[in-house]
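Let me begin by presenting the structure, written as structure tokens, before commenting on it.
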Amino acid sequence: MAGETENYVELRHINKTFKNYKASDDIHFGIEKGKLVGLLGPSGSGKTTILRMIAGLETADSGDIVIDGRVVNDVAASKRGIGFVFQNYALFRYMTVYDNIAFGLTVNKCKKSDIKKRVEELIELVDLKGLERRYPSQLSGGQRQRVAFARALAPNPELLLLDEPFAAIDAKVRQELRSWLREMITRVGITSIFVTHDQDEAIEVADEIIITNRGRIEQIGSPGDIYSAPKTAFVAEFMGSPTRISNISEFKGYEQLDRTIHAVVRPENVSVTKKTEKSRYPASVEHGIVERVLFRGRELELAVRVHGVLLTANRRLEEARIAEGEAVDVFIYRVYAFHENEEVQIVDNANVGTENLFYI
Amino acid sequence: MEIRKNSGVLKWALIGISAVFLTVMLILPLIYVMYTAFEEGIGVFLAAVTDEYALKAIGLTVRVTVLTVIINTVFGIFASWCITRFSFPGKKVISALIDLPLTVSPIIAGLIYVLTFGRQSILYPYLQGAGIKIIFAVPGIVLATIFVTFPFISREIIPVLNAQGTDEEEAAALMGAGGFTIFRRITLPHIKWALLYGIVLCTARAMGEFGAVSVLSGHLRGKTNTMPLYIELLYQGYDFTGAFAVSAILVLMAVVILVLRSVLEYKGAKSGEQAHK
Ligand SMILES: Nc1ncnc2c1ncn2[C@@H]1O[C@H](COP(=O)(O)OP(=O)(O)O)[C@@H](O)[C@H]1O
Ligand SMILES: [Mg+2]
């Protein structure tokens, strides 16, 4: 319990049902001050609902929400000291950029000169100088996001909530904005929670990731932990772009596993070598047939059929070319194995180490 | 193929039919109204419209219209807001009820009020006791006009409110804005043109309403005769010049409203483009 008091935001056993759909099922987590946390899960898994309940835009059926040591269940949304960046930004379309950012200060009856100073400061921060008199319809997606960010920060909130902040932005600019947002939040030093359904985004931006699925929390941890040590079947199948294998015990190096266990394997844990190349573990390679070769820019993506399963693997461009239909050697380094409703085990190929021939 | 080949002929035929139809049904009668009004010279026209009872009728129509429009604007905004922003049991019923006056004959509307507030009503003794006269008096005329025109404003703004969504209002509320501030700064700019358009339609209909008002007014010359009722009275008394002279004024007001309506439609469309670009 001692650890819990350090949390700046805490959700305690929150439940929320819409009509008869359980959107939040015993949601329980804490967030330390100054952290940037990502709520990651598929669409409809209840991420927005969690965010809206923290903000006070939605009321939980049961459970407590604590912000800065105070239970805020009955505190009005506007009194919680929260900045909110809406999914489509919800900028005030009949107000200029300046008025949008100033809105929160104006309605709280701040002094005109203070408002001006604060808005100018924020416009400087988000680099929108010269666009103050534009309307939202005259801005690009990235600029709108920055206005939404500045508007949310204007009243100096203690907690910033962002709902899919990158969803409305072209893929090209998105990458750039991720690092921008990360840097901004670090610079302002504000505790933040953002929602996303994109695992790359969560891994890249968040200090800590909370994985949601069907209204429940599946796992909480650092991006590294979540990625390399998934705890539940859902997380194992959600992270990376894994292939599911239901006959893993037929694969060399995994014969020790239970016949009924499921496993997932990620592309980076599959190595494909040509028959003419030397494999690192010649005794435990499987025979596979390449069905598809896709050019992915930095690398090739191969779809290889092994024991009836179509595995995905990557291969570097500078390596010898592999053609579709070619017979190859396939070696699986690691799988994540699980029985339904049980914890995931990380299983390395049993032959790694015993057969360490060409290890560099 | 067939249609495309003939499209030139078909197009002009349809346009021609529409033009003839409009001319016969609308333009000719309107010209005829004007012509008859001024047939016996401007002096007679002026005499007819400055007649004591004519002026009273014009005054009453203006008063009833202004009152109706104010009440319906307030009611229309509240009703649309409730329907688009809250979910509550019976919401569908209320939305349907709002449109009722469009489907009910105005005569029925008049009769409903006669039954509700007239001699045979259980409310009558209380109204009598309080000294309130509704039937065959100005309040009755206002009530009837309100009933007939109340869908116009909400029908214009409900679609706009629905399209806007609640995001911006939610964002404003989260930043601490009160209900009135949200309405004034977020919602009103959005529904402004639709609202004005609804007000114009409501005004036009309120000015011209005959049926419901006719039932409730009692036709007291100089007291409860609105312009349309007064025109009918003159007409029944074979005073065609007088009838058409007063009609001409009503037509003139309608034309002004038509122009206003076009301006609003144009501006509304332009500002809509602005906001959604
Ligand atoms: N206001 C609401 N009324 C009814 N159902 C809702 C409402 N808000 C969300 N839901 C339902 O709750 C579930 C979770 O929604 P949401 O939190 O928006 O998911 P996410 O943000 O992860 O996509 C969805 O199935 C959605 O249909
Ligand atoms: Mg969502």
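The values are calculated or read from the model by the stated rules, or taken from the named source; none is laboratory data. Owing to the predicted nature of the structure, the values given are computational and were not obtained by experimental measurement. Counting neighbours? That spans all protein chains shown, and the Cβs are built from the backbone with ideal geometry, glycine included. Note: areas computed on protein heavy atoms with side chains; ligands, DNA, RNA excluded. Shrake-Rupley method; radii C 1.70, N 1.55, O 1.52, S 1.80 Å.
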Compactness of the protein assembly as shown as Cα Rg over 2.2 N^0.38 Å, two decimals: 1.42
Inter-probe distance in nm under a simple model that places probes 7 Å from Cα toward Cβ, at A:Glu268 and B:Cys82: 5.9 nm
Cβ-defined net charge surrounding B:Ala194, 14 Å radius [Lys, Arg +1; Asp, Glu -1]: +3
Eligible lysines near B:Lys192 by straight Cα distance, threshold 29 Å, same-chain separation 8 or greater: A:Lys109, A:Lys112, A:Lys116, B:Lys91, B:Lys92, B:Lys267, B:Lys270, B:Lys277
Listed residues A:Asp64, A:Asp127, A:Asp99, most fluctuating in chain A (Gaussian network, C-alpha, under 10 Å): A:Asp127
Area hidden from solvent between B and A (accessible, protein heavy atoms only, 1.4 Å, total, Å²): 2000 Å²
Computed label-point distance, nm, for sites B:Gln128 and A:Asp61 using a 7 Å Cα→Cβ extension: 5.7 nm
Using a Förster distance of 51 Å, the FRET efficiency for B:Met25-B:Lys270 (Cβ separation, nearest 0.05): 0.95
Surface/4 estimate of mean projected area, convex hull on alpha-carbon atoms of the stretch A:65-135, nm²: 6.2 nm²
Positive-pole candidate from A:Leu57, B:Gly178, A:Ile322, dipole of the protein assembly as shown, charges at beta carbon: B:Gly178
Pairwise label distance in nanometres, A:Ser43 with A:Ser137, each label 7 Å out on the Cα-Cβ vector: 2.7 nm
For the stretch A:98-141, radius of gyration divided by Kirkwood radius, i.e. Rg to Rh on alpha-carbons: 0.98
Cross-link reach list, aspartates and glutamates versus B:Lys223, counting only Cα pairs under 18 Å and skipping chain neighbours closer than eight places: B:Asp51, B:Glu52, B:Glu209, B:Glu232
Backbone N within the stretch A:275-319 under 12 Å of label point (7 Å from A:Arg259 Cα along the Cβ vector): none
Rounded percent of accessible protein surface that carbon and sulfur make up, chain A, 1.4 Å probe: 47 percent
Rounded D (µm²/s) - the stretch A:240-346, Kirkwood Rh over Cα pairs, Stokes-Einstein at 10 °C, 1.306 mPa s: 112 µm²/s
10 Å Cβ neighbours from other chains, averaged over peptide A:125-138: 1
Computed E for A:Asp114/B:Tyr32 - FRET, C-beta separation, R0 60 angstrom, nearest 0.05: 0.35
14 Å beta-carbon shell around A:Ala327, net charge (K/R +1, D/E -1): -3
Efficiency of FRET from Cβ geometry, A:Ala167 and B:Lys91, R₀ 22 Å, rounded to 0.05: 0.10
Reciprocal of mean inverse Cα separation for the stretch B:67-221 (Kirkwood radius, Å): 17.2 Å
Normalised alpha carbon radius of gyration of the stretch A:4-231 [divisor 2.2 N^0.38 Å]: 1.00
Solvent-accessible area per residue for chain A (1.4 angstrom probe, square angstrom): 48 Å²
Partner lysines for A:Lys274 [C-alpha distance under 26 Å; skip if fewer than 8 residues away on the same chain]: A:Lys252
Bins of 10 Å from zero: percent of alpha-carbon pairs in chain B: 6, 21, 26, 23, 16, 6, 1, 0
Other protein chain Cβ atoms within 10 Å, averaged over every residue that makes up B:172-183: 6
